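**Student:** Mind having a look at this structure? Questions to follow.
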Amino acid sequence: MKNLKILFILMLSAFMGMQFVSCSSDDDENTDLKTPLYESASAKYKITESSADIQSIELTASGNYIIVKKYGYYAPGKRSLAYNIFMHREESTRATAYDNIVYGKFVNLGDNKYDLEGWGIVTITQSEGEYVNISIVKDGKEEVFGARKEEQFKSSTATDNLCRSWEISKMGIAVEIGGRKFDKMANHDNLKGLFKDYINWLIEQSAPGVEVPEEEINELINEYIDQYNAAKPLYVIFTKSGSYMVHYTNEIIGISTWRWENENENVIRYSWDHSDINNGGTCDISYSGNMLLVKETQITSGAKVSVTYGMTEIK
């Protein structure tokens, strides 16, 4: 049991590691992602007036809105950096609790007027340069605030393909130790078989011929599955303003930041510390057909462990 615990810790390092490095990404395979419906409306507006109770309003290319409220919100500090691109410590997740972030779908009503479903009607009018006025009508009452349109990444094939709304549908684990390899992907809602195959492979590599009672393996897998499912990432929205939002099983929402580390190589850099992206991690971006693959790799103790999230577009 002691040795199995050690192997299990190695497995967890694939998900809980802090220092990640990027490996070269695969070429895209027949990607045919259509232009999102609201590409032309995509923008983030930072409210400039202190009297407002919201910090920013963002309209995404896929037709989502993200509102960050002003009260109670802070960026997680360096001591609560992400475990990986989509998972981070529960205490830092609570810094961006559901009450402080509102998101949903919006409808374009024309003339820069948008119905933010479940929240209110927003009308954006040009003021001067990057500054705008934002009218917000909620419960029959109107408020008007000044705002600044945030700078966005320039449109490119790589950026346009990534900046959409995605649902995590698969997860894969790839491990290489001394030339021996494990590589398997499974549906995100049924990971028990993936973890079991991984543990059995680790046992075979470290102690060939040794039989570990199946109940011990199942005990460890169930323990981790319960922990993972309690705060499993479900949906992700990447935006051209350099942010991405993650919605978790437990109804908690996190907002992180990203930029291109090497756009030509499809490598992004991210950080849950919004003020210090250089100390974050890197991930490879690739596509299998229209499925987005986000791969993060950790090299530790002579092993190279990669976790890949397979994601399908939400339209």
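**Student:** Treat the count of other C-beta atoms within 10 Å as a stand-in for reagent exposure and order F195, F153 from fewest to most.
**Tutor:** Values: F195 21, F153 18.
If I rank by nearby Cβ atoms, fewest first, I get F153, F195.
**Student:** By count of other Cβ within 10 Å, fewest leading, how are D183, D273, D139 ordered? Mind dumping the intermediate values first?
**Tutor:** Details: D183 12, D273 20, D139 5.
By the 10 Å Cβ count, ascending, the order reads D139, D183, D273.
**Student:** In a shell of Cβ-Cβ distance under 13 Å around D115, excluding D115 itself, what net charge do Lys and Arg (+1) and Asp and Glu (-1) give? Walk me through the intermediate numbers first.
**Tutor:** Working: positive: K105, K113, K138; negative: D111, E117.
Counting the neighbours of D115, the net charge comes to +1.
**Student:** For a Förster distance of 45 Å, can you work out the FRET efficiency between the beta-carbons of S288 and K70, rounded to the nearest 0.05?
**Tutor:** On the way: r = 40 Å, r/R0 = 0.90.
E(calc), rounded to 0.05, equals 0.65.
**Student:** Now for a separate question. Which of the lysines could a cross-linker span from K69 if the Cα-Cα distance has to be under 16 Å and same-chain partners fewer than 8 positions apart are dropped?
**Tutor:** Filter leaves K44, K46, K138.
**Student:** Moving on to the next point. Ranking I85, I136 by Cβ neighbours within 10 Å, fewest first, what do you get?
**Tutor:** I136, I85
**Student:** Follow-up question, since we're still on this one. Once the other residues with Cβ under 11 Å from the Cβ of G104 are scored (Lys, Arg +1; Asp, Glu -1), what is the net sum? Walk me through the numbers before you get to the answer.
**Tutor:** Working: positive: K105; negative: D115, E117.
Net charge around G104: -1.
**Student:** Could you work out the local net charge near E130, counting Lys and Arg as +1, Asp and Glu as -1, over the other residues with Cβ closer than 9 Å to its Cβ?
**Tutor:** Numbers: positive: R148, K149; negative: E128, E150, E151.
That works out to -1.
Just so you know, all these numbers are worked out from the coordinates, no wet-lab data involved. Model, not experiment: these values are computed from the prediction. Here the Cβ is made from the backbone with ideal geometry for all residues, glycine too, and neighbour counts use every protein chain on show.
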